[in-house]
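What follows draws every value from the coordinates through simple rules; no lab data is involved. These numbers were taken from a predicted model, which means no experiment stands behind them. All Cβ positions, glycine included, derive from the backbone under ideal geometry; neighbour counts span all protein chains shown.
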Amino acid sequence: MKNFKPSAEIKKLINSVKGEVSDSEGGFLYHTAKNVTGKKKGVIVEIGAWEGRSTVCLAQGSKDGSRARVFSIDYHQEGEDENPHDIYVKNLARSGVSDIVTHLCMTSEEASKGWDAPIEFLFIDGNHNYKFVKQDFELWSPFCVDGAIIAFDDSTYDGVKVFLPEVFNRGDYRALGIIDSITYIMKSREGSLLRTNYILLLNKAHDIARHISLPRPIRSIVKKLGQSVIQYIQ
Ligand SMILES: C[S@@+](CC[C@H](N)C(=O)[O-])C[C@H]1O[C@@H](n2cnc3c(N)ncnc32)[C@H](O)[C@@H]1O
């Protein structure tokens, strides 16, 4: 089991921005971005930033590591009473990470046109419907270098959980682990397929547990316990 535990400082950073990314997931994004080597000009790409909670984790990780550039893609559609784009820009500035992030304010499909940079870490957290997760993966994974990490957020959601097993059909990828609702994989033909199947099984168990209805206070205790067990047995 890898230790992606966020420090108190990183926890504070994560929680300074609204979003669904948990402390453990933020710790994973931070540590994985920090480990990006930047060699071969490999960059970090995220699809789906909303107000920038995941973005600040990736950006701070990169700043504390090799300073690989973070390309953060989100078309930022305006809601009724909020403008996620303005909030995102403010959040990045307040966190002191604007200098390392290039925001591509467009769809993932538009951003991929003309793209030619190698990617070392790809974080997919855009539209979770099957069609879009598949599209994001197919558009961006060809740019991932051998050994690149690809992380899928909300991997127990319908579209993601259906698409995820298909990724392994061609043999170019291996699953590495699960952090709360993120499943992360590596572009590699080496490594255990047994582990890949084990991680997929854990993701299924996580999904089943998510759908058990329990009263709220019990639910959050069971959720925490379940997540700790999944971390422990990986
Ligand atoms: C789940 S939210 C991202 C949450 C974010 N990672 C965080 O840490 O809070 C999904 C975001 O993806 C964006 N999105 C959805 N489909 C997209 C697409 N095809 N291209 C670009 N952005 C997309 C939405 O605008 C939304 O802000």
Q | Antiparallel %, DSSP beta bridges [both residues in the chain], to 5 | A | 35 percent
Q | Those trypsin sites (Lys or Arg not before Pro) in the range 158-234 that DSSP places in a loop and that have at most 16 other beta carbons within 10 Å | A | ARG189
Q. Using modelled backbone amide H atoms (1.01 Å from N, in-plane), which distant-in-sequence or interchain residues come within less than 5 Å of CYS144's amide H?
A. ILE119
Q. Modelled label-to-label distance, ASP64 and GLU166, 7 Å Cα→beta-carbon offset: nm?
A. 3.7 nm
Q) Which loop GluC sites (Glu not before Pro) in the range 55-135, with loop taken from DSSP, have no more than 13 other Cβ atoms within 10 angstrom of their Cβ? A) GLU78, GLU80, GLU82
Q | Label-point separation, ALA93 to LEU193 (7 Å along Cα→Cβ), nm | A | 5.3 nm
Q: Quick one: compute the contact order of the range 8-232, relative version, from alpha carbon pairs under 8 angstrom and 6+ residues apart, as a percent.
A: 16 percent
Q. What length, rounded to one decimal in nm, is gained on full extension from ASN129 through to GLN234, with 0.36 nm per residue of separation minus their alpha-carbon distance?
A. 35.1 nm
Q | Inter-label distance for GLU110 and ARG219, nm, one decimal - labels placed 7 Å from Cα along Cα-to-Cβ | A | 3.7 nm
Q.
Based only on other Cβ atoms within 10 Å, what is the fewest-to-most ordering of LEU202, LEU29?
A. LEU202, LEU29
Q: Please state the charge dipole magnitude for the range 125-182, taken about the Cα centre, from unit charges on C-beta atoms (+1 on K and R, -1 on D and E), reported in debye and rounded to the nearest 20.
A: 200 debye
Q) Roughly how large, in nm² to one decimal, is the mean projection of the convex hull of the alpha-carbon atoms in the chain? A) 12.7 nm²
Q: Between LYS40 and ALA205, take the C-beta separation as r, use R0 = 35 Å, and let me know the FRET efficiency to the nearest 0.05.
A: 0.45
Q) With θ set to phi - 60° and the Karplus curve 6.51 cos²θ - 1.76 cosθ + 1.60, what are the ³J(HN,Hα) couplings of the range 213-220 in order, to the nearest whole Hz, using x for Gly and Pro? A) 8, 9, x, 3, x, 5, 4, 5
Q) What residues have an amide H closer than 5 Å to that of HIS103, excluding those fewer than 5 places away on the same chain, when H is modeled at 1.01 Å from N in the peptide plane? A) SER72
Q: Using the structure shown, select from LYS161/LYS187; LYS113/LYS204; LYS90/LYS134; LYS90/LYS204; LYS63/LYS204; LYS12/LYS113 the pairs with a Cα to Cα distance greater than 29 angstrom.
A: LYS113/LYS204; LYS90/LYS134; LYS90/LYS204; LYS63/LYS204; LYS12/LYS113
